[in-house]
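Scroll down for the structure; my scribbles are underneath it.
The values are calculated or read from the model by the stated rules, or taken from the named source; none is laboratory data. All of these numbers come straight from a predicted model, not from anything done at the bench. Positions of Cβ are backbone-derived with ideal geometry, glycine not excepted, and every protein chain shown enters the neighbour counts.
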Amino acid sequence: MSTLPHITGLTNRNIFLVEFKEPFGEQNLRDETTPNIRSIVYSPKGTYLAYRTDKKAEILKCSDWTVAATINGNIKDMFFSPLDNYFMVWELFAMTKENPQGKPNLHVYKSDTGAVVGSFTQKNQTGWEPQWSSDEKLFAIQANNRILLYENGQLDRYTYNIQEEKLKSFSFSPSPGPNYYIAVFTLGKQGQPSVWRVFRFPQFDSGHAVITRSSFQADKAAFHWNRRGTNVFVLTQTDVDKTGGSYYGKQSLSHGDVKGKSGNMTFSKEGPIHSLAWNPSNSNEWVAVYGHAPAKATLFNAKCEPLYEFGTGAWNSIYFPPEGNHFLIGGFGNIAGGNIEIWDMRGYKKLGSCAAPDSTFLQWDPRGETFLTATTYPRLTVGNGYKIWHYTGVLMHKRVCQEKENLLAISYRPGSYPKSELSKTVPKGIEDSTPKAVGAYRPPGARNKPSTFTLHEHEKPHKPGESSSAAPSKQALKQKQKREARKERKAEERAQGVGDAPAPAPAPALPRPAFVSTGDPETDKKIKNINKKLSDIDKLKQQKAAGKQLELNQLAKIENEQALLHELAQLRL
């Protein structure tokens, strides 16, 4: 494999490669002599690249870009298995005079030869994808209210099945064998709750479920496993929020682990759950973006305890690079502006920010040193192109499609690559001339004036239980006292001529008349207070003469000296 990752893109004219080195030149992999290329997809390990047309799909070896296999047919969708060994395609299901019952339209091939391994019938394109265990020893496919499981690549006969009434979806855990786990979601009958369960292979009876959670408000579910496959979050949602609180339906988030512990997750801000993602470098941290705009972003541990608040912003997406040492939060789609922030996961330091408006695609490179944003067709018909950004938010390269040219897809080649200088050195950026998104509406009286908007303390980045205005710690106060004592000592040394340059002699304090009682306790009390203030002024004047920088309130006290002396003289009459 190459020591540098490269980018592969698809336009309505060609498939092109971008070598990851300046000046980021493009070279054709397929041109207009291969017409009607509809999509491209990399295998997860980066061994193969497949593309499809209206008549065929071809699997290319990424080592030399030769054709490994050609599969004929009007293929509408395709993907590879986790270890790149198998290639799945889906065609439109059709019934003809020759085949009145229809014929299998989902096919599984060996990636290296194109040999057929198995064929199945999946009438609907939604949810057609079969699933593999991470080691490819188990293959599962949903057939109506059953999940059929096949072992060791033998797809002619299933060995186990999970049967659930109103089965909606399922998800394989990424855990390696022999500890395979499968999460299953079923819709509730009339008056009954919907349920999600986690089973351990091969015990699939409801009574043997590792986790069972139910909800009356769930029409569909999305499963989010951590890297080791030991914990799972299940985001359930109704098609319609009958309370009117959300246009997208009512959401709820529950969680569980393979030891049987489970519960519901609640957030500190009301509103939709926009995105959540586990840190791929470990299985104990995850980030969520949630709440009504501006959305809130928080880092949690596996026990759902908050570790750090990243504040609020125009966000709805989370992206981790493979190593997980930093991550990106951004706002795309129905959020104008394409605002992006990149955060360090260890020091909780913001590494950079940028804006990529109208982006329909974002992906980290396999090293985590750069990321790619793109505006693609048909999601957006104008402004197609892509940009390469350094992880600090510096724009490194920009490519805009020409007239009648549309960018259909783009992707980094997966794989393992050594780190480069980009991990330590920020490159020289280029100027981004993309028009900025139009700002929020402002009434005529507020236009051309600075905004008065300020974040509340709880909306700024901070650790839980603290805020940006929290009182300093005892250690911080102690250090501050040491600094002030050091400054005073240096000021005294300069006043005594020990410093680099002789300091002017301090002005002598004016003689103050000794206190003599007037016989009136109230008047005596006032005189004592004024004498104390005058004594403080004498000390301030000496500090000023010694070269110490005084605060504004201290200078104001000195200026008030004459008024105090006049008041003192009046009291002594």
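Points worth noting:
- Candidates K103, K76, K168: the one that is touching a strand residue (DSSP E or B) at 6+ places or on another chain (Cβ under 9 Å), of a type in the set (K, R), part of a strand (DSSP E or B) and surrounded by fewer than 18 Cβ atoms within 10 Å (Cβ to Cβ) is K76.
- The residues in the range 192-222 that are in a loop (DSSP other than H, G, I, E, B) and touching a residue at least 12 places away in the same chain (Cβ under 8 Å) can be counted, and the count is 10.
- Breaking point among (1) modelled with pLDDT under 85; (2) under 23 Å from E484 (Cβ atoms), for Q543: (1)
- Residue within the range 26-34 that is more than 26 Å from E403 (Cβ to Cβ), part of a strand (DSSP E or B) and either modelled with pLDDT of 95 or more or touching a strand residue (DSSP E or B) at 6+ places or on another chain (Cβ under 6 Å) (or both) present: no
- For beta carbons closer than 6 Å, sequence separation of 6+ or different chains, a first residue in the range 334-347 that is in contact (Cβ under 8 Å) with a residue 40 or more places away in the chain and among the polar types (S, T, N, Q) and a second that is surrounded by fewer than 20 Cβ atoms within 10 Å (Cβ to Cβ) and part of a strand (DSSP E or B), there are no qualifying pairs.
- Condition met for F300 (over 26 Å from V184 (Cβ atoms), surrounded by 15 or more Cβ atoms within 10 Å (Cβ to Cβ) and of a type in the set (F, W, Y)): no
- Residue match in the range 252-266 (condition: part of a loop (DSSP other than H, G, I, E, B) and farther than 18 Å from N179 by Cβ): yes
- The range 320-330 - residue that is touching a Ser or Thr at 6+ places or on another chain (Cβ under 9 Å) and part of a strand (DSSP E or B) and, of those, surrounded by the most Cβ atoms within 10 Å (Cβ to Cβ): G330
- Among the residues of the range 365-387, the one identified as without any contact (Cβ under 8 Å) to a residue 40 or more places away in the chain, part of a strand (DSSP E or B) and either surrounded by fewer than 22 Cβ atoms within 10 Å (Cβ to Cβ) or of a type in the set (D, E, K, R) (or both) is G385.
- Condition check for Q402 on (1) within 24 Å of P44 (Cα to Cα); (2) without any contact (Cβ under 8 Å) to a residue 40 or more places away in the chain: one failure, at (1).
- Subset of the range 250-271 (residues that are polar (S, T, N, Q) and surrounded by 14 or more Cβ atoms within 10 Å (Cβ to Cβ)): Q251, S252, S254, S262
- Number of positions in the range 264-290 that are at pLDDT 95 or above and on the phi > 0 side of the Ramachandran plot: 0
- For D84, the conditions (1) within 34 Å of the chain's Cα centre (by Cα); (2) on the phi < 0 side of the Ramachandran plot are fulfilled apart from (2).
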